[in-house]
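A.B. asks: Sending over a structure as structure tokens; questions will come in a sec.
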Amino acid sequence: MIRPRVAAMVCLALLLCTPAWAQRRNMTRSVVQGDTMYTLGSPGMIPAIMNPEFLPVREARDLFADDEPLLVVQVGDLVRGYSTWHLDRHEVVNERLGDMPLAVTW
Amino acid sequence: MYVRRLDTLEIHLQASGSLWRDALVLHDPETGTLWSQVTGEGIRGARSGTYLERYPSTVTTFAEFSRQYPQAEVLAKSDGSRGTPYAEYYAGAGTVGIFGTLNQDDRLAGKSKVVGLNTDVEAVAVPLPADGRARLQTVTIGEQTLIVYWNPASETAVVYRHPEGIANELSVDEDSGRIRSVQDGISWDAATGARVGDGEIGDGLDKVPFMIAYWFAWRNFYPHTSVMESR
């Protein structure tokens, strides 16, 4: 099932594994354009993928469920797919397709 | 999906550890700027007020992807992940945000899904119909005409620019998975945009960036968004 990620809850994992007292101590609030920004961690705490590795799709069948959602990107004749389930663990893949530097995120 | 380049400077993006308007904020170590993942706007730091350049992407399932692009590559998994850490959040119809966010706009139900389109002219939300039928919807934004293809059977969503010089009336054939211009006698593969038939001569359809979003979240970023009526 394809699911929206606009409301991606990066903190959900943090909330689940961090005791309540620590959350209160660690969470800071600030205001950006009139709306609250909640800061629960620091950059890199959820590691982005910096040097992605790829498999030909025909060799990947055992690693993926048929209904697993993929984000698909094409640059010229180059096409790559990224499992959104896998992206949920890293949030961003820093990637290069041909000579196009891309940040894969959704 | 963004181009990670600011003029000539190549940057890297990662989760910043912050959330804003119920969505991720990204950070680049090269300039130290915080970027909204939804809009691509720099919201704090050296490049505040500028925007990352969007790049089009589409969504589909692994099985469909294998069929559409047998020569393609997939990102290798380091952890064999099957399923998402956000499963509980996705499943909870009653929870629209993390910090008690309310749906502030009852044009649609808070957690209904939309294809969100943002152009220089305006933002448009196209509701995804829940009746299980493939749809092709035409959206006119300023001078631009876009076509939104959604096929719930294969869970495929793509947005194309309406091709120049082609009659406005396009239709989708669910059995063949093709978009057709009956008047011009031309067909395209609905999922990939590739020209099909007639020796496959001619240009494919140009893809346009979009986002599948929950209504409440889309509206929080684009309060003046228009909503396309479902047909």
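The values are calculated or read from the model by the stated rules, or taken from the named source; none is laboratory data. Here the structure is a predicted model, which means the values were calculated and not measured. No Cβ is skipped: glycine too gets one built from the backbone with ideal geometry, and neighbour counts run over all protein chains shown. What goes into the accessible areas is simple: the full protein's heavy atoms, side chains included, and nothing from ligands, DNA or RNA. Shrake-Rupley method; radii C 1.70, N 1.55, O 1.52, S 1.80 Å.
A.B. asks: Please determine whether any residue of the stretch A:12-29 is surrounded by 15 or more Cβ atoms within 10 Å (Cβ to Cβ) and modelled with pLDDT of 90 or more.
C.D. replies: Checking the stretch A:12-29: not a single residue is surrounded by 15 or more Cβ atoms within 10 Å (Cβ to Cβ) and modelled with pLDDT of 90 or more.
A.B. asks: Test A:R96 against the stated conditions and say whether it is basic (K, R), crowded, with 22+ Cβ neighbours inside 10 Å and part of a strand (DSSP E or B).
C.D. replies: no
A.B. asks: Output the residue which, of all residues in the stretch A:59-93 that are more than 7 Å from every other protein chain (Cβ to nearest Cβ) and hydrophobic (A, V, I, L, M, F, W, C), is surrounded by the fewest Cβ atoms within 10 Å (Cβ to Cβ).
C.D. replies: Once the filter is applied, the top-ranked residue is A:L78.
A.B. asks: Please tell me if B:S176 is assigned to a loop (DSSP other than H, G, I, E, B) and open to solvent by 40 Å² or more (accessible area, probe 1.4 Å).
C.D. replies: Spelling it out, B:S176 is indeed assigned to a loop (DSSP other than H, G, I, E, B) and open to solvent by 40 Å² or more (accessible area, probe 1.4 Å).
A.B. asks: Still on this model: Considering only the stretch B:8-36, state which residues are at the interface with chain A (Cβ under 7 Å from one of its Cβ atoms), touching a residue at least 24 places away in the same chain (Cβ under 8 Å) and open to solvent by 10 Å² or more (accessible area, probe 1.4 Å).
C.D. replies: Scanning the stretch B:8-36 gives B:R21, B:D22.
A.B. asks: Say we look at the stretch B:99-116 and pick out the residues that are more than 20 Å from the chain's Cα centre (by Cα) and within 11 Å of chain A (Cβ to nearest Cβ); which of these is modelled with the lowest pLDDT? Explain how you work it out, then say what you get.
C.D. replies: So in the stretch B:99-116, the residues more than 20 Å from the chain's Cα centre (by Cα) come out as B:99-107.
Now drop any that are not within 11 Å of chain A (Cβ to nearest Cβ), which leaves B:99, B:101.
Numbers: B:F99: 58, B:T101: 64.
Here the answer is B:F99.
A.B. asks: For the stretch B:28-44, give me each residue that is under 19 Å from B:T8 (Cβ atoms) and touching a strand residue (DSSP E or B) at 6+ places or on another chain (Cβ under 6 Å).
C.D. replies: B:T33, B:W35, B:G40, B:G42
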